[in-house]
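The values are calculated or read from the model by the stated rules, or taken from the named source; none is laboratory data. Being a predicted model, the structure only gives us computed values, none of them experimental. No Cβ is skipped: glycine too gets one built from the backbone with ideal geometry, and neighbour counts run over all protein chains shown. Heads up: the accessible areas ignore ligands, DNA and RNA and are worked out on the full protein's heavy atoms, side chains in. Shrake-Rupley method; radii C 1.70, N 1.55, O 1.52, S 1.80 Å.
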Amino acid sequence: MQHRVGGGERDSGHVRNCMGHGVADTGPGPAAAERIFSVDLSRSMEELQMGSGQTVAVFGAYGHTGRFVVTELRDRGLVPLLVGRDVGRLQVLAASHPGLEFRVASVDDPVSLDQALKGAVAVVNCAGPFASTAAPVIEAALRTGVPYVDVAAEIEANLDTFTHFTDRARAAGVAVVPAMAFFGGLGDLLVTTAMGDWTAADEAHVAYGLSSWHPTAGTLASGTVSRERRDGRRVRYTGGRLEYYVDECDLPTVEWDFPAPMGRRSVLGGFTMADVVTVPSHLSIPEVRTYMTTDAAKGLAAADAPAPAAVDEFGRSAQTFTVDVVVRAGDTQRRVVASGQDIYAISAPLAVEAVHRVLAGRTRTSGVASAGEIFDAPDFLRALSAHITLEPCRESRASRFV
C-alpha cells in the first residue's frame, strides 16, 4: 500500500468547512484563531462554574496519564478523588495536591470500588491493562449510577466494553465512553469531523506521525496483555468487520506525506490501533486502516525503551505528534490534520472535556458510545484549541491507496 498524495495536491485541494460554524474556510489565521479562542474561553468559564466543587473519581490516579488527568480536572474546576490500590503511591500523590482525598480500591473487590465512587459524579479510569480494569470499574459505575470514561488504547478491551455493556449502560441511562484518549478517541473525532455531511464512506485512513515513542510502564503492560489475547495473530478492520489473521511477514513499510514540518515519512501499514473499534462503532466505513511512523514503532519495541521524560512545567515530554486523517467516498476524499505535544498528556484534556460534556448534558446518545458518536466532534475539537493545532478540512479528488 502506498500513499500517493503529495504536498502539491494537498495545497490545491478545496478547503471545506467541516468544523461547523465559526471556522473560516480559508484556514484559521490569526483573526480566526482569536475568534475561536474567545468562544472556547467563554464556554470554559461557564463550564468551570458548572463543575465547581463536583468530585470526579480517577482510578489509577498515580499513573503517568492519571497524573495528567488529576491536574486537568483541577484546572477545569472539578475536584479529583484519587483512587487506586497502592496506598503508598496514593499518599505521595495526595501530598503533592493538598486538600485532595484518596481512597484505596481494587478491581478484585467490588465493595471497595463502590465505596471509592461514593459521592463522585463521574469516574475516569486511567489504570491499565484495561483488559483487567475496565469491566470491574464500569460495573461499579453502573451500580452507583455515574458516567464512566477511560483512556484505554487496547483494542480488545474497548471491544469488550461495546460488546458486554452497550445494552446495560443504555438501560441504566449511564454514559460509558471508552478510548477517550489519543488512540481511539482523537482519531474518531477527526474521522467524524472529516465525514461531515457524508453518511457513509469507502475507507478511512489514520496515520500517526510521532517524532518518537517512549512508552510508559502501563503501555508496555497493556501491549503484553493484548499480544497474549491475540495469540500471535494480527488484527485489522476490513470488509466491515474486525478480523484476526496470521501473517509471518513483517508489516509493510510505505511512505506518507504528512504536512510540514514533519513531511514525508516512512510508516508501518497495518499498525492497528483502537480506531478500528471506535470509528466503525458508529460510522459506515468498511475499511479502517491505521499507520505508525517507523521510528516511533521501533522506539516502542526497543528492549531498553526509556520512559517519557518531562521537559516543561506541564510535565510533558518533548515528543510531538501529527495525526493525519483521510476519508474517501468514491472519487472524493476529505482530510483533517491535528498536531500537538505528548500523546499521554493530550489524553487528559480529551478525557476531562468528555467528563465536562457528559455532566453538562451535551451528549447525543446514551449508553456505550465512542467520542465521535456521543459528542459534537467539530465542536469538541475546537474546545481543545489550547492543546492541539488543527488544519481546516480539505476536500479533493481521491488519491490511490494500493
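The table below lists the values:
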item	result
Among beta bridges that DSSP assigns inside the chain, antiparallel share in %, nearest 5	65
Intensity falloff of the stretch 279-402 expressed as log10 I(q)/I(0), Debye formula with alpha-carbon point scatterers, at q = 0.11, 0.17, 0.23 Å⁻¹	-0.52, -1.14, -1.41
GNM flexibility winner over the chain from Ala127, Ala369, Ala303 (Cα, springs under 10 Å)	Ala303
Restricting the stretch 72-165 to GluC sites (Glu not before Pro) in coil, as DSSP defines it, with at most 16 other Cβ within 10 Å	Glu101
Length-normalised contact order for the chain - Cα pairs under 8 Å, 6+ apart - percent	23
Leading residue at positive end of dipole, the stretch 80-206 (Cβ point charges), from Val107, Trp198, Ala131	Val107
Vicinal HN-Hα couplings computed from phi for the stretch 364-377 (Karplus, 6.51 cos²θ - 1.76 cosθ + 1.60; Hz; Gly/Pro x)	10, 7, 10, x, 7, 7, 6, 4, x, 8, 7, 10, 6, 4
Table column - 3J(HN,Hα) (Hz), the stretch 320-332, Karplus curve with 6.51, -1.76, 1.60, x for Gly and Pro	10, 9, 9, 10, 10, 10, 10, 10, 10, 10, x, 9, 10
Sequence-distant residues sharing a close amide H with Tyr344 (under 5 Å, placed H)	none
Note, ³J(HN,Hα) from phi for the stretch 76-89, Karplus 6.51, -1.76, 1.60, rounded to Hz, x at Gly and Pro	9, x, 9, 9, x, 10, 7, 10, x, 9, 9, 4, x, 5
Over the stretch 188-327: Rg over Rh, Cα atoms, Kirkwood Rh	0.97
Gap separating the Cα centres of the stretch 241-288 and the stretch 164-223, nearest whole Å	13
With Cα atoms, 0 to 90° folded angle of helix 64-75 axis to the chain main axis	80
Distant-in-sequence amide H partners of Val79 (H built 1.01 Å from N, under 5 Å)	Gly53, Gln54, Thr55, Val56
Accessible-area order (highest first, 1.4 angstrom probe) of the listed residues Val174, Val107	Val107, Val174
Per residue solvent-accessible surface (Å²) - the stretch 157-285, probe of 1.4 Å	41
For the chain: span of alpha carbons on each principal axis (Å, largest first)	56, 52, 44
Accessible area per residue, Å², the stretch 342-390 with all protein chains present, probe 1.4 Å	25
Amide H contacts under 5 Å for Thr293, placed H, 5+ residues apart	Tyr208, Leu210, Leu268
The stretch 231-352: relative contact order as a whole-number percent, Cα under 8 Å and 6+ apart	17
Sulfur and carbon atoms: percent of accessible area, the chain [1.4 Å]	51
Relative contact order, percent, the stretch 87-235 [alpha-carbon distance under 8 Å, six or more residues apart]	20
